[in-house]
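Report on the structure given below.
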Amino acid sequence: MPTHFINNRRKFKVGAAIGLLLLSTVSALADNSKISPDLLSVITANPSASVNVIVQYNTQPQSSSGGLLGGLLGGVLNLLGGLLKGVFSLIWAVSATLTGNQVTAVSNQSNVTYVSLDRPLAAMLDYTAETVNAPYAWNSGLDGTGVGIAIIDSGIYSHSDLAGRVVYRQAFIGGVKNYDDYGHGTHVAGIVGGDGKESSQNGSFYTVKGIAPNANLIDLRVLDANGMSSDSVVIAALQQAVQLKQKYNIRVINLSLGRPIYESCNRDPLCQAVEAAWRNGIVVVTAAATWAGMAMRPFSHRETARTRSPWAR
């Protein structure tokens, strides 16, 4: 056999061995247990594609004067070109846009506990006052007077049943045109705190009144004109509700939103934010145990991310 052919074969074997060694090294470095299953499938299919993510830490991340995180995360983002979008204080987490390769690099950091997709959410709601025996509370003089209820939804339209009781408004999304471009938030606000004025007029057959018809409402807008949002936007609204708690006596947050579950509640960033709000003394009322794949398709009995908490009742 010619000498040059033998040498080429040897070079090929050495090259293949080095390649396998490099692949095994990369695999060893990647800690897939800290990457959510749905994110892992996305970055495996296309490692160079940019994705919106939420990165959770074992300590509170801090912002530097330059707007990026200090320490190891800041170094990775600066080095690889990832975009930091927001730093949360309610939970130890940030939202960012990273490529698949950057996700892997970030997940390998010792102070990172979990990386998940910044997942889309949609509006949800089911039935109301009589179901929870609200008339009994009304007859006992409990109508929400002096209590603030944060409605994290699509906004609240200026409806006469809510007149004078929407005491704060803030939008966490861009492109808003009216107080409620989707309608769901106004619907929820009416169920929560409508006073029944419109349906009490002559010619009405039935007075439609909310659960707490004299409560003040805090409008924290997260859903766009299509009724969609994302984890990071809703977490920011939950964080603001906690910060406004003392000023408006916020005792309840209503979160009629949901999405499927991808991990346990102790890793799900939205579940963590809901529990943080609860630990701050606010009751969080959430959409529970329904998820519609399509508008005309029957509801399946799957839990949503909000109902996975062991504290859910």
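The values are calculated or read from the model by the stated rules, or taken from the named source; none is laboratory data. Remember, predicted model here, so these are calculated numbers, not experimental data. We place every Cβ from the backbone using ideal geometry, glycine too, and count neighbours over all the protein chains shown.
Scanning region 91-114 for residues that are under 18 Å from the mean Cα position of the chain (by Cα) and either surrounded by fewer than 20 Cβ atoms within 10 Å (Cβ to Cβ) or in the same structural domain as CYS265 (by TED's automatic domain parsing) (or both), which turns out farthest from VAL42 (Cα to Cα)?
TRP92
Return the residue satisfying two criteria in turn: it lies in region 263-297 and is among the β-branched types (Val, Ile, Thr) and within 19 Å of ALA237 (Cα to Cα), and of such residues it is modelled with the lowest pLDDT.
Ranking the candidates gives THR286 first.
Which residue is surrounded by the fewest Cβ atoms within 10 Å (Cβ to Cβ), if the candidates are limited to region 17-52 and must be among the β-branched types (Val, Ile, Thr) and modelled with pLDDT of 90 or more?
Among them, the one singled out is THR44.
Looking only at residues in region 129-169 that are closer than 12 Å to ASP219 by Cα and out of contact with any strand residue (DSSP E or B) (no Cβ under 6 Å at 6 or more places or on another chain), which one is surrounded by the fewest Cβ atoms within 10 Å (Cβ to Cβ)?
Applying the filter and picking the extreme gives SER158.
Among the residues that make up region 298-305, is at least one of them assigned to a helix (DSSP H, G or I), at pLDDT below 95 and either on the phi > 0 side of the Ramachandran plot or within 13 Å of the chain's Cα centre (by Cα) (or both)?
Yes; the residues of region 298-305 include at least one that is assigned to a helix (DSSP H, G or I), at pLDDT below 95 and either on the phi > 0 side of the Ramachandran plot or within 13 Å of the chain's Cα centre (by Cα) (or both).
Can you name the helices (runs of 4 or more DSSP H) wholly within region 171-267 that have at least 1 residues being under 24 Å from GLY86 (Cα atoms)?
In region 171-267, 231-243, 245-248 are the helices (runs of 4 or more DSSP H) which contain 1 or more residues that are under 24 Å from GLY86 (Cα atoms).
Residue by residue through region 253-274, note down the ones that are over 28 Å from GLY190 (Cα atoms) and without any contact (Cβ under 8 Å) to a residue 40 or more places away in the chain.
Correct list: ASN266 only.
Taking region 243-257, which residues are at positive phi and at pLDDT below 95?
none
Mind checking which residues of region 53-80 are modelled with pLDDT of 50 or more and in contact with a strand residue (DSSP E or B) (Cβ under 8 Å, 6 or more places away or on another chain)?
VAL53, ILE54, VAL55, GLN56, TYR57, ASN58, PRO61, GLN62, SER63
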